[in-house]
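Student: Mind having a look at this structure? Questions to follow.
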Amino acid sequence: MKNTEELVIQALKSAARDEQMKHAVQQSTELYPLLWKAAKRYVTGEKRQDALPMALEFIAKDYQISIELIGENTTDLVECQKVKDEFLQLIESMGASSMKQTVSFDLSHIGLSINAELAYKHLVDLAQKANQYEITLMISMEESSKTSDTLDIYKKIACQYSNVGITLQAHLYRTEDDIKQLIQYPGKIRLVKGAFQEPIDVALKRSEALNERYLHYVEQLTNANHPISIATHDEVLIQEMEQRQYFNQPNVEIEMLYGIRPDLIHQLKAKGYRCKVYLTYGREWYLYLCHRLAEYPENLFLAVADIINPAMLTRSKDY
Ligand code: FDA
């Protein structure tokens, strides 16, 4: 059974990176609406106008929120410009509703797949606009082939804008060194285990050793009083961090993806900890859905149930 599960995880993670399959799903008038029913568990809707009212509902319940226009690996210049414009509009809309919250994105969605200069140029535009409304930008972390470029761009922007933060993946071996440097920059660090399939000499698999590393990095960041977002759904890790009193520290927040463990984040918020829900919207949910299924293969059953009976979906009322 273990082997079958590992095979399924591997297959889903490979499918996540398969641009041809992604394109086929997104263009198909049959597959897109079918799989969209499963994606809707994790994605608020196809448009900004779906995510924003949901964001307000969460804020009214005392959660903080991140919002992402979902997508990555954009290789068309005009498309990158459009994506940047959509992010600018998202920031404007959040500003108009006094949402001093977070906007998240992949650098490869706004230009990194064309070149680093374009991604940086677009990032500066977003950071300027976000700064105006006291909105934080959080750069997501993609495959390890993009880590160096992503960190170089982050280091450049972080010198000008303290409202820009960076995501680090505990599973990468290089994070041990990266974190020592990044702690010198003011931006928030979001610590995740890492969603991408990586070669064994680059990253650790899910294991006790990875959990220990995760805890070690959280300790390093909290000891330095560095702003940190603890982004995990791992209840055992969360219990350990709670015992160590990390969540009581003023610079620490707990962040979970929309649709995953609403019960757990609700309990943590009830204890008075700062809790953030990560909301996504858009049509490019293919890779995101594959990752959510690969992380927890039981979700495949939920996906089937959601396709057959969409009324079962998680919504903000479950939080
Ligand atoms: P892990 O995968 O070790 O699972 C531990 C337990 O958590 C499971 O046994 C289950 O109980 C629960 N769980 C985990 N995933 C679940 C799921 N999908 N459904 C139901 N239960 C689940 N990654 C990345 O590479 N780059 C990034 O930029 C980001 N950004 C990001 C932001 C935020 C806010 C979060 C929460 C996560 C990310 N990730 C990410 C994803 C991250 O790297 C990781 O893949 C997932 O969080 C799953 O790992 P966990 O630490 O949650 O637990």
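Student: Relative to 2.2 N^0.38 Å, what does the C-alpha radius of gyration of the range 1-134 come to as a ratio? Two decimals please.
Tutor: After normalising by residue count via 2.2 N^0.38 Å, the value is 1.21.
Student: While we're looking at this one, here's another question. Only sites in a loop by DSSP and with at most 12 other Cβ atoms within 10 Å count here; which trypsin sites (Lys or Arg not before Pro) in the range 248-302 make the cut?
Tutor: Answer by residue number: LYS271.
Student: Could you give the nm distance between label points at ASP85 and GLN184, where each point is 7 Å from its Cα heading toward the beta carbon?
Tutor: A separation of 4.0 nm, rounded to one decimal place.
Student: Calculate the dipole size of the chain relative to its Cα centre from +1 charges on Lys and Arg beta carbons and -1 charges on Asp and Glu beta carbons; express the result in debye to the nearest 20.
Tutor: Magnitude of the dipole: close to 640 debye.
Student: Tell me which GluC sites (Glu not before Pro) from the range 122-168 have a DSSP coil assignment and no more than 15 other beta carbons within 10 Å of their own.
Tutor: In loop regions of the range 122-168 (DSSP not H, G, I, E or B), the sparsely surrounded GluC sites (Glu not before Pro) are GLU134.
Student: Let me check I have the definition right: for the range 47-282, take the eigenvalues of the Cα gyration tensor, multiply each by 5, take square roots. What are those semi-axes in whole Å, largest first?
Tutor: Here the semi-axes work out to 26, 22, 16 Å.
Student: For the range 47-282, give me the percentage of DSSP beta bridges that are antiparallel, rounded to the nearest 5 percent.
Tutor: Antiparallel: roughly 5 percent of the beta bridges in the range 47-282.
Student: Go ahead and run the numbers for FRET between ASP125 and LEU215, Cβ-Cβ distance against an R0 of 35 Å, rounding to 0.05.
Tutor: The formula returns an efficiency of 0.40 here.
Student: Among LYS100/LYS129; LYS13/LYS205; LYS84/LYS276; LYS100/LYS276, which pairs are too far apart, with a Cα-Cα distance over 20 Å?
Tutor: LYS84/LYS276
Student: Let me ask another. Helix-only estimate, please: 222 nm mean residue ellipticity of the chain, summing -39500 (n - 2.57) across DSSP H runs of length 4 or more and dividing by its residues, to the nearest 500.
Tutor: For the chain, the value works out to -15500 deg cm²/dmol.
Student: Still on this structure: Equivalent ellipsoid semi-axes for the range 134-267, as square roots of 5 times the alpha carbon gyration tensor eigenvalues: give them largest first, rounded to whole Å.
Tutor: 22, 19, 14
Student: Tell me, what is the FRET efficiency for ASN225 and LEU77 to the nearest 0.05, using R0 = 45 angstrom and their Cβ-Cβ distance as r?
Tutor: Using R0 = 45 Å, I get an efficiency of 0.60.
Student: Any idea of the accessible area per residue across the range 47-282, 1.4 Å probe, to the nearest Å²?
Tutor: On a per-residue basis, 40 Å².
Student: Can you name the helices of the chain, as whole DSSP H runs, whose Cα span along the helix axis is 15 Å or more and whose Kyte-Doolittle mean is not below 0.0?
Tutor: Membrane-span-like by this criterion, though nothing is claimed about a membrane: 48-60, 77-96.
Student: Let me ask another. Which of the peptides 217-230, 300-313, 104-117 is most tightly packed, and how do the rest follow, going by the mean number of other Cβ atoms within 10 Å of each residue?
Tutor: So the peptides 217-230, 300-313, 104-117, ranked by packing, come out 104-117, 217-230, 300-313.
Student: Given R₀ = 30 Å, what would the calculated FRET efficiency be for VAL8 paired with GLU57, taking r from the Cβ atoms and rounding to 0.05?
Tutor: 0.30
Student: Would you mind telling me the share, in percent, of accessible area of the range 47-282 contributed by carbon and sulfur at probe 1.4 angstrom?
Tutor: Carbon and sulfur atoms account for 48 percent of the accessible area of the range 47-282.
Student: Would any residue of the range 178-201 have its amide N under 16 Å from a label point 7 Å out along Cα→Cβ of SER162? List them or say none.
Tutor: Of the residues in the range 178-201, 183-189 have backbone N under 16 Å from the label point off SER162.
Student: Can I ask one more? Taking the mean number of other Cβ atoms within 10 Å as a proxy for protection, how do you rank 20-32, 152-164, 175-187 from highest to lowest?
Tutor: 152-164, 175-187, 20-32
The values are calculated or read from the model by the stated rules, or taken from the named source; none is laboratory data. Computed from a predicted model, the values in this text were never measured in an experiment. Here Cβ is always computed from backbone atoms with ideal geometry, including for glycine, and neighbour counts include all displayed protein chains. We work out accessible area using only protein heavy atoms, side chains counted, and drop any ligands, DNA or RNA first. Shrake-Rupley method; radii C 1.70, N 1.55, O 1.52, S 1.80 Å.
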